Structures are given as C-alpha cells and as structure tokens.
Amino acid sequence: MALMDFIKKQFIDVIQWTEEGDGTLAWRFPMAGMEIQNGASLTVRESQMAVFVNEGTVADVFGPGMYKLTTQTLPVLTYLKNWDKLFESPFKSDVYFFSTRQQVDQKWGTPQPITIRDKDFGAVRLRAFGNYSYRVTDPKLFHTEISGTRERYTVADLDGQLRGLVLQNISNAIAASGVPFLDLAASQNQFAQALAAQLAPEFAKIGLRLDVMTVQNLSLPEELQKILDQKIGMGMVGNDMGKFMQYQTGQAIPVFAENSGHGGGVAGDAMGLGAGVALGQVMANTLAQGLQQPAQSAAPAAAAAAPTVSPAEVMSTLEKLAELKTKGILTQEEFDAKKTELLKKLT
C-alpha cells in the first residue's frame with residue numbers, strides 16, 4: 001500500500017453527509033478505524049444537525065453551517081479530552097448526523113376497535129385512522145433515548161413505537177380535552193387537535209416535535225352513530241327541543257304509514273290504513289305549526305284552538321318520546337313535561 005493511501009485511510013479532513021433518499025433519521029459517519037485531523041472541515045447542511053460522541057458521551061452539537069474543528073469549535077470535546085489550548089494530533093470521535101426534515105404522511109390507525117371511557121355514554125368502542133408528521137428537534141436526546149450507536153436509524157424503525165403512542169393516548173386525549181365525546185366525533189379537526197395536544201409532550205420526551213396530526217375517519221358503534229345523527233339534526237333546527245320533536249315526528253310519518261298499511265305497530269293495530277294516513281296528516285300539520293313560530297300574542301288563542309288528538313296518536317307519540325329519552329336525547333324532565341302536555345289533549 002502506498003504511503004498516500006495509508007494517510008488518506010487514517011486521517012479525515014472533511015466530514016459531511018449527503019442524504020441519498022428519504023426516511024433516514026440518524027446516520028453515523030463511517031470512521032473505520034480512522035481519526036479526525038486537527039482543523040478538519042465539518043459541513044452540516046440545512047435540515048441537518050451533527051453530534052460528536054466521545055467514548056460514549058455526547059459532546060458537541062452542531063446546527064447547519066461549515067465549521068473548522070478546533071478547540072474553539074469543540075469546547076465540550078476539548079474539556080473531555082483535557083486539551084489545554086490546542087490539540088495537534090488527530091483524534092478519534094464518533095460523528096452522527098440527524099435529519100431535521102419533516103417526516104410527512106406517517107399513518108396511524110386502530111387495527112381493532114378500542115374502548116374509551118366517556119362520562120355521558122360510559123364505555124365506547126371506536127375505530128379511527130389518520131396521518132401525522134414529525135421531525136427531530138433534539139438530536140442529543142434522540143441519540144441517547146432512541147437511535148444510539150446504530151449506523152443508520154430510519155423512519156420505519158420508529159414507526160411501530162409512534163403508532164403505539166398514538167393509540168395509547170386516544171382515550172387520554174378525549175378525557176383531557178374536557179369536550180363531550182359526541183362533539184369530538186362530530187368534528188374530526190377538533191378531535192385531531194385534542195389528540196395532538198396530548199401527544200406533543202410524549203414526542204418531546206424522545207427529541208421529536210409533532211408538526212401535524214389529522215383524523216381522516218372515525219367509526220362509531222351503530223347506536224352511538226344514530227345518537228350523533230340526531231344531535232346533528234337538533235343543530236339544524238337551532239337546538240330547539242320543540243322544533244326537534246316536530247322534525248322527528250315528520251321523519252316518522254312514512255314509517256307510521258308503512259306500519260299501518262301492513263297492520264303492524266301501535267298505529268296500525270289501533271287505526272288501520274286510513275287512520276294511519278290521517279295520523280300522518282296530523283303530524284304534518286303539527287310540524288308546520290312548530291316551524292312557523294307564531295307571535296307570542298297569538299299563542300294563547302292557538303293553544304285554545306288546538307284540535308283534540310286520539311288516544312292512539314298520544315300513545316304513538318309517547319313511544320317515540322320514550323325512545324329518545326332512552327337514547328339520551330331527552331331528559332327525564334323534558335319527557336315528563338311532554339307527557340303531561342299530551343295527556344292534557346285527551347281531556
């Protein structure tokens with residue numbers, strides 16, 4: 001081996017990293033028994049950081065820029081090496097580069113339904129998926145906690161741990177947000193914000209920053225989805241319980257007509273097909289009256305002129321009200337008030 005080949009093999013005077021592709025978080029500069037020359041050049045490009053590790057101890061951390069390695073640019077390493085003023089001979093130290101670029105479109109999801117606790121509905125099982133992006137912001141912490149002395153540490157190596165963090169914190173995010181679960185389920189953006197707020201400190205513990213969190217889909221149990229649909233329906237009529245009842249009654253007209261036509265259900269058993277159609281007409285008139293919002297001065301006269309309804313109609317409406325109370329749409333007080341109002345119409 002020629003003398004120049006031996007020198008080139010033994011001493012390093014340029015230290016840099018040119019990323020060959022996506023997905024690498026940490027990369028160890030290949031030393032292969034070589035030593036760093038006094039005054040060597042260190043180049044750290046934008047979206048990179050470099051860390052010097054001496055005998056297992058993290059020494060100096062460099063951000064983007066070009067550096068000439070001296071006792072002035074390596075203060076911690078100078079202290080560890082006990083260099084008083086200047087070092088003349090080459091030295092050996094491991095150099096790690098870290099990519100600080102945003103790692104985008106990382107997927108997360110629930111392979112199986114997970115159970116969360118909600119103050120309104122108790123235990124709820126749901127499935128959800130979305131994506132997120134993150135970046136390395138503290139290479140020293142990331143090196144000591146995650147990547148270590150590996151030659152290369154990739155996004156794929158970290159994927160499983162980060163997915164686990166997301167799934168582990170879904171329930172905590174809902175509880176910490178203080179927002180009712182149905183409100184979060186109705187707004188995926190609000191759900192994503194609550195999840196990001198819960199996950200950000202967990203990512204920071206390993207030297208990462210969570211930049212983006214999205215919830216692309218949220219699947220609820222069928223019964224809970226029905227309640228959510230009804231809640232959205234209430235929002236469409238301004239959260240007015242009276243109007244919502246009129247809206248629900250109008251939606252039930254085709255069902256009552258079908259049941260009466262087949263002789264099934266309370267309305268069908270009591271009145272038959274013709275009575276079922278009449279019941280639909282009464283419901284439609286009631287719906288129109290509720291949405292017109294008559295003037296307060298005419299309210300007593302309208303109440304006095306209200307037509308008397310049949311017992312079958314009252315029983316049918318009470319059944320619908322009881323179902324809404326069971327699902328949590330109506331409170332006990334609201335149900336009792338409506339029941340009293342309906343029973344008065346029989347007298």
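I'd like to check which strands (runs of 3 or more DSSP E) are fully inside region 8-55 and have at least 1 residues that are on the phi > 0 side of the Ramachandran plot.
Details: elements: 11-15, 24-28, 35-44, 48-54.
Answer list for region 8-55: 35-44.
What do you reckon, is residue 81 modelled with pLDDT under 85 and either among the hydroxyl-bearing types (Ser, Thr, Tyr) or open to solvent by 90 Å² or more (accessible area, probe 1.4 Å) (or both)?
Considered against the rule, which asks whether it is modelled with pLDDT under 85 and either among the hydroxyl-bearing types (Ser, Thr, Tyr) or open to solvent by 90 Å² or more (accessible area, probe 1.4 Å) (or both), residue 81 comes out as no.
Find the helices (runs of 4 or more DSSP H) located wholly in region 88-206 whose residues include 3 or more that are open to solvent by less than 30 Å² (accessible area, probe 1.4 Å), and list them.
Filter on region 88-206 gives 155-177, 181-186, 188-204.
Considering every residue within region 44-54, establish whether at least one is more than 37 Å from the chain's Cα centre (by Cα) and over 22 Å from residue 207 (Cα atoms).
no
When the residues of region 16-29 are filtered to those that are over 33 Å from the mean Cα position of the chain (by Cα) and in contact (Cβ under 8 Å) with a residue 40 or more places away in the chain, which remaining residue is nearest to residue 150 (Cα to Cα)?
28
Could you tell me how many of the residues in region 23-40 are in contact with a Phe, Trp or Tyr (Cβ under 7 Å, 6 or more places away or on another chain) and closer than 16 Å to residue 138 by Cα?
Total satisfying the criteria: 3.
Quick one: would you say residue 125 is closer than 28 Å to residue 99 by Cα and in contact (Cβ under 8 Å) with a residue 12 or more places away in the chain?
no
Test residue 287 against the stated conditions and say whether it is part of a helix (DSSP H, G or I) and modelled with pLDDT of 50 or more.
In short, no.
Looking at 150, 163, can you tell me which residue is touching a strand residue (DSSP E or B) at 6+ places or on another chain (Cβ under 8 Å), of a type in the set (Lys, Arg) and within 30 Å of residue 56 (Cβ to Cβ)?
It is 150.
Which of the residues spanning region 41-74 are free of Cβ contacts under 8 Å to residues at least 40 places away in the same chain, within 16 Å of residue 140 (Cα to Cα), open to solvent by 60 Å² or more (accessible area, probe 1.4 Å) and not acidic (Asp, Glu)?
Matches in region 41-74: 56, 57, 64.
Specify the residue that is modelled with the highest pLDDT; the eligible residues are those in region 6-39 that are open to solvent by 80 Å² or more (accessible area, probe 1.4 Å) and more than 14 Å from residue 93 (Cα to Cα).
18
Could you check region 327-347 and list, in sequence order, the residues that are under 20 Å from residue 182 (Cβ atoms) and modelled with pLDDT under 75?
327, 328, 329, 330
The values are calculated or read from the model by the stated rules, or taken from the named source; none is laboratory data. Everything numeric in this text was worked out from a predicted model, so none of it was measured. Positions of Cβ are backbone-derived with ideal geometry, glycine not excepted, and every protein chain shown enters the neighbour counts. Keep in mind that these areas ignore ligands, DNA and RNA; they rest on the heavy atoms of the full protein, side chains included. Shrake-Rupley method; radii C 1.70, N 1.55, O 1.52, S 1.80 Å.
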